[in-house]
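Peer 1: Before anything else, here's the structure in question.
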């Protein structure tokens, strides 16, 4: 499987100028290619092939006075930028015809020099290398100092140099790694994701929601207010933009670090992991949108998925319509309703449930049941329908404890 390994790099001022040229040239080639295809379509001409487009916007363009400066950067950078355009068009056309699964993909758009994130990619054809002194040698840029936080497990097939909105530079290596096997463990866990607690595990553990964005709101608000007072186009405004970006970067880095550490711990300690297939995009349209985006559920579940595949663990997504909160984990009865205000409830069978722990236990049971038994038949038991007079679905469920 292919993984990315990101490292912070520290180019010199001269190398930063060369990287800026590479970013600009790659952006111009992408926009020229997009414009050529749009003009051909408006004129009723056939779709320009990848090879013809490369010849037109790179090879022939270098011979003109307007685009002669494209020769100052590595040709591989320009070719990879055009390859990104070709991939974007293929995804767009496949989405139109229905061959591509998932949500619809829009047509490619022009890239702007004002975008906070700029990137160029070097493949093996560019002959990038890592020197004996641990520096990253890039063609027509030089030897860039890298902060190696860990060793690369194999020879990288490509490297992408990225500049983010806060002015930091990163080198992202694509590496082919073989699947590893962690020691087998009998543990299995179901995970119920939420906002009060980021995750509640079927063993009863509750992971506190760190709320990184909420905690940084005051600092972000002050940075945004300072930015709003700066004159547009001034040097001070550019500095204020970078300060705002750095404040957001700190939040994103802290959230990513938290998700990586938690997902690694769960994968290491459990042979199988089961989570709900939440519709985060739909939930983000509600009044809880800010808190849902702050939680970062999608990134966390993606980390669980790829780490499970890498280390030989089982990862299963449970159907989002499965009534994990309304289902009694003891008798299998399903309550008619379960308002968010009911954080605990008592089933007619006498089981006293914590809402989130009960949901995690049900997710664990559903994940196990989704596996097929030795005969090839599903082993999930049918759901029992709760009676109308049961206690658990009422808003005052918590206050009825001890009354029966």
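Peer 1: Checking the structure you have, find out if any residue of region 226-237 is out of contact with any helix residue (DSSP H, G or I) (no Cβ under 6 Å at 6 or more places or on another chain), surrounded by 13 or more Cβ atoms within 10 Å (Cβ to Cβ) and in a helix (DSSP H, G or I).
Peer 2: Looking for residues that are out of contact with any helix residue (DSSP H, G or I) (no Cβ under 6 Å at 6 or more places or on another chain), surrounded by 13 or more Cβ atoms within 10 Å (Cβ to Cβ) and in a helix (DSSP H, G or I), one finds at least one in region 226-237, hence yes.
Peer 1: Going through region 124-138 one residue at a time, which ones are in a strand (DSSP E or B) and within 18 Å of residue 78 (Cβ to Cβ)?
Peer 2: Step one: of region 124-138, the residues in a strand (DSSP E or B) are 129-130, 136-138.
Listed by number, the list holds a single entry, 138.
Peer 1: While we're looking at this one, here's another question. Among the residues in region 66-87, are any assigned to a loop (DSSP other than H, G, I, E, B) and surrounded by fewer than 15 Cβ atoms within 10 Å (Cβ to Cβ)?
Peer 2: Filtering region 66-87 for residues assigned to a loop (DSSP other than H, G, I, E, B) gives 66-67, 73-74.
Okay, now just the ones that are also surrounded by fewer than 15 Cβ atoms within 10 Å (Cβ to Cβ), so 66.
Looking through region 66-87, at least one residue is assigned to a loop (DSSP other than H, G, I, E, B) and surrounded by fewer than 15 Cβ atoms within 10 Å (Cβ to Cβ).
Peer 1: So, one more: Quick one: how many residues across region 177-216 are over 30 Å from residue 367 (Cα atoms) and either touching a strand residue (DSSP E or B) at 6+ places or on another chain (Cβ under 7 Å) or crowded, with 17+ Cβ neighbours inside 10 Å (or both)? Break it down stepwise before answering.
Peer 2: First pass over region 177-216, keeping only residues over 30 Å from residue 367 (Cα atoms): 212-216.
Okay, now just the ones that are also either touching a strand residue (DSSP E or B) at 6+ places or on another chain (Cβ under 7 Å) or crowded, with 17+ Cβ neighbours inside 10 Å (or both), so 212-213, 216.
The qualifying residues number 3.
Peer 1: How about region 56-65: which of its residues are in a helix (DSSP H, G or I) and surrounded by fewer than 13 Cβ atoms within 10 Å (Cβ to Cβ)?
Peer 2: Answer for region 56-65, where residues must be in a helix (DSSP H, G or I) and surrounded by fewer than 13 Cβ atoms within 10 Å (Cβ to Cβ): 59, 63.
Peer 1: Quick one: would you say residue 82 is farther than 28 Å from residue 157 by Cα and either assigned by TED's automatic domain parsing to the domain that holds residue 138 or modelled with pLDDT under 95 (or both)? Before the answer, list the steps.
Peer 2: Numbers: farther than 28 Å from residue 157 by Cα: no; either assigned by TED's automatic domain parsing to the domain that holds residue 138 or modelled with pLDDT under 95 (or both): yes.
For residue 82, the condition - farther than 28 Å from residue 157 by Cα and either assigned by TED's automatic domain parsing to the domain that holds residue 138 or modelled with pLDDT under 95 (or both) - is not met.
Peer 1: Does residue 109 meet the test of being modelled with pLDDT under 95 and assigned by TED's automatic domain parsing to the domain that holds residue 9? Working first, answer last.
Peer 2: Numbers: modelled with pLDDT under 95: no; assigned by TED's automatic domain parsing to the domain that holds residue 9: yes.
Answer is no for this residue.
Peer 1: So residue 285 passes all but one of these: (1) part of a helix (DSSP H, G or I); (2) out of contact with any strand residue (DSSP E or B) (no Cβ under 9 Å at 6 or more places or on another chain); (3) more than 20 Å from residue 196 (Cβ to Cβ); (4) at pLDDT below 95. Which condition number does it fail?
Peer 2: (1)
Peer 1: If a residue must be within 18 Å of residue 58 (Cα to Cα), surrounded by fewer than 17 Cβ atoms within 10 Å (Cβ to Cβ) and without any contact (Cβ under 8 Å) to a residue 60 or more places away in the chain, how many such residues does region 88-143 contain?
Peer 2: Counting residues in region 88-143 that are within 18 Å of residue 58 (Cα to Cα), surrounded by fewer than 17 Cβ atoms within 10 Å (Cβ to Cβ) and without any contact (Cβ under 8 Å) to a residue 60 or more places away in the chain gives 1.
Peer 1: Among the strands (runs of 3 or more DSSP E) contained in region 139-219, which hold 1 or more residues that are within 28 Å of residue 72 (Cα to Cα)? Write out each step before concluding.
Peer 2: Numbers: elements: 142-147, 158-163, 169-176, 188-193, 197-201, 206-208.
Here the list reads 142-147, 158-163, 169-176.
The values are calculated or read from the model by the stated rules, or taken from the named source; none is laboratory data. Because the structure is a prediction, the values reported are computed rather than measured. All Cβ positions, glycine included, derive from the backbone under ideal geometry; neighbour counts span all protein chains shown.
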